[in-house]
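Asker: The following block contains the structure, expressed as structure tokens.
Quick note: the coordinates plus some simple rules give every number you see, no bench work behind them. Predicted model, so just to flag it, every value in this text is computed and none were measured. Here Cβ is always computed from backbone atoms with ideal geometry, including for glycine, and neighbour counts include all displayed protein chains.
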Amino acid sequence: MDKAKIGTCWLDGCSGCHMSLLDLDEGIVAVLEKADIVFGPLVDAQEWPEGVDVAVIEGAVSSQDDLKLAKIARVRSKVVVALGDCAVTGNVPSMRNGIPTRKLLERVYVEGATERPGTERPGVPTDGVPALLKQAQPLHSAIKVDVHVPGCPPKPSAILFVLSELLEGREPDLGSKLRFG
Amino acid sequence: MTDKVKVRIDGEVIAATAGQTILEVARAHDKYIPALCYMEGLSAVGACRLCMVEVSGVARLLPACTTPVQEGLAVATTSPQIQSYRKMVIELLLVERNHVCAVCVSSGHCELQTLAQDHGVTHVRYPYNYPRLSVDTTHPRYVLDHNRCVLCSRCVRTCAEIEGAHVWDIAGRGIHSRLVSELQRPWGEATSCTSCGKCVQACPTGAMAEKGWGVEEMTKQRAGVSRLTSMREGQ
């Protein structure tokens, strides 16, 4: 039998959820016996492949690139897992949501910058960075999410439980493993 | 003179005293009814709607914290309908303000967070409100963060009923309701505040905290506040 395919991605978050995923320790062996990780910050693939079984998505949807990747992951994957508080609730990235985007960027890149003689005047970067969305939103506001795993970050044991259940074809019920923050 | 009454909670016949509320009787017999605005030792206001129960013969749900028991009353503390309403209430509390557990002093010791986890709230189905709210740091020892306030009014009642200072009140209506100290004066300038800190201990979330604590570090001594009332009643 072919191995299942897991894809992961990191939207607006701190990568802590991916660190927690790495923190499965020897638990990762059992996962990798049943599945390959085919996309994500941990592997080399440049494009989200077709036919992924489980998409594990960290971070809030905060920029146009986040939205694009989330939508691609959704159409090319059977099951989508929102991993961690940012993906589930918006969490820390959503703390900017009460501030208009332009004001926010100017506060950080203009008012917050130190002007030094002989260097370029500070300004809001536009080259090579994706435009911010009006608000950082939880993943389920952008795409359909099948499994929510809150936590900041989710405990490795919770991640292992969810992946194991999904790879066995069951719907994971976090029960007492459910934890925010 | 106390009148004894018999009530039935989840099928079990329980002897209670007339005048007790459903919530008091249930808790005294280890029956779980969730509540956020209720705190032992304070008057009950029925604000949070988490303790709604089914009473046979009554078509609508009733708040257990403000409904007194009567002879023959039969109560169901849970049902699929009640559970679904409780979940909704918790989710609506979470979308109303900015509850960011990851950066909260009370994470791990928060009653709202615990309720969400215990009721299987894996995510919130409603759009978040993301209001812009202030943080009052003017008091030398305590801080009030409106982002985390659920308007349970425990602090209002603790200050008015136990400390007797009545620094706190709720101003505004509906979604614009805000906790205020002394007619909108900053907390640090409230002359009637005795700085006793009982409001901080009574607060179920991280809305009120002592200064100087980091994430997850603020634990509260709610039982101590409740005990003051029972000791005074004994006098």
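Asker: So which aspartates and glutamates can residue A:71 reach, going by Cα to Cα under 19 Å and dropping same-chain residues fewer than 8 places off?
Answerer: Partners within reach: A:12, A:47, A:50, A:53, A:58, A:146.
Asker: Would you please classify the overall shape of the protein assembly as shown from the alpha carbon gyration tensor, given that a ≥ b ≥ c denote the square roots of the eigenvalues, rounded means a/c under 1.5, and beyond that prolate means a/b larger than b/c while oblate covers the rest?
Answerer: Oblate, since a/c reaches 1.5 and b/c is not below a/b.
Asker: Of all beta bridges DSSP finds with both residues in the protein assembly as shown, what is the antiparallel percent, to the nearest 5? Numbers along the way, then the final one.
Answerer: Working: 23 of 43 bridges.
So the antiparallel bridges in the protein assembly as shown amount to around 55 percent.
Asker: Under 5 Å between amide H atoms, partner at least 5 residues away or on a different chain: which partners does residue B:5 have, H built in plane at 1.01 Å?
Answerer: B:16, B:17, B:18
Asker: If you count, for every residue in B:8-18, the Cβ atoms of partner chains within 10 Å of its Cβ, what is the mean?
Answerer: Mean shielding by partner chains, rounded to a whole number: 0.
Asker: Can you tell me the order of B:95-104, B:81-90 when each peptide is scored by its average per-residue count of other Cβ atoms within 10 angstrom, highest first?
Answerer: Final packing ranking: B:95-104, B:81-90.
Asker: Additional query: Any idea how far apart residue B:58 and residue A:15 come out in nm if each label point goes 7 Å out from Cα toward Cβ?
Answerer: Label at residue B:58, label at residue A:15, 5.6 nm between them.
Asker: For the range B:115-124, what does the Karplus curve 6.51 cos²θ - 1.76 cosθ + 1.60, with θ = phi - 60°, yield as ³J(HN,Hα) per residue in whole Hz, taken in order and with x for Gly and Pro?
Answerer: Values per residue, Gly and Pro as x: 4, 4, 5, 5, 9, x, 7, 7, 7, 10 Hz.
Asker: Which cross-chain or sequence-distant (5 or more) residues have an amide H under 5 Å from the amide H of residue B:107, H modelled 1.01 Å from N in plane?
Answerer: When sequence neighbours closer than 5 places are left aside, the close amide H contacts are B:216.
Asker: Might you list the cysteines of chain B that have no disulfide-compatible partner by the rule of another cysteine's Cβ under 4.7 Å?
Answerer: Flagged as lacking a Cys partner: B:51, B:65, B:101, B:104, B:110, B:149, B:159, B:193, B:196, B:203.
Asker: Can you list residues whose amide H is under 5 Å from residue B:149's amide H, if they're 5+ apart or on another chain and H is modeled 1.01 Å from N?
Answerer: Those qualifying (amide H under 5 Å, at least 5 residues apart or on another chain) number zero.
Asker: Also: When only DSSP loop residues count, what GluC sites (Glu not before Pro) in the range B:23-73 have their Cβ near at most 16 other Cβ atoms within 10 Å?
Answerer: Counting only loop positions with at most 16 other Cβ atoms within 10 Å, the GluC sites (Glu not before Pro) in the range B:23-73 are B:40, B:71.
Asker: Could you derive backbone 3J(HN,Hα) for the range A:21-31 from the dihedral phi with the Karplus parameters 6.51, -1.76 and 1.60 (θ = phi - 60°), listing whole Hz in sequence and x where the residue is Gly or Pro?
Answerer: Rounded to whole hertz, the list is 5, 5, 7, 5, 6, 5, x, 5, 4, 4, 5.
Asker: Give me a single rounded figure for B:120-129: the average over its residues of other chain Cβ atoms within 10 Å of their Cβ.
Answerer: Working: counts 4, 4, 11, 12, 7, 1, 0, 3, 8, 2.
Other-chain Cβ atoms within 10 Å of each residue's Cβ, averaged: 5.
Asker: Tabulate in residue order the Karplus-calculated ³J(HN,Hα) for the range B:134-150, using 6.51 cos²θ - 1.76 cosθ + 1.60 with θ = phi - 60°, rounded to whole Hz; enter x for Gly and Pro.
Answerer: 8, 10, 8, 10, 6, 6, x, 10, 10, 9, 10, 10, 4, 4, 10, 7, 10
Asker: Right, another one. Run lengths n ≥ 4 of DSSP H only: what is the helix-derived mean residue ellipticity at 222 nm for chain B, with -39500 (n - 2.57) per run over all residues, to the nearest 500? Before the final figure, lay out each step's value.
Answerer: On the way: 6 runs with 53 residues, N = 235.
Result for chain B, helices only: -6500 deg cm²/dmol.
Asker: Run the quick spin-label model on residue B:83 and residue A:109: label points 7 Å from Cα toward the beta carbon, then report their separation in nm to one decimal.
Answerer: Here the modelled spin labels are 4.9 nm apart.
Asker: Could the peptides A:159-172, B:202-215 be put in order, highest first, of the mean number of other beta-carbon atoms found within 10 Å of their residues?
Answerer: Peptide ranking by packing, descending: B:202-215, A:159-172.
Asker: With r as the distance between the Cβ atoms of residue A:2 and residue B:213 and R0 = 45 Å, compute the FRET efficiency 1/(1 + (r/R0)^6) and round to 0.05.
Answerer: 0.30
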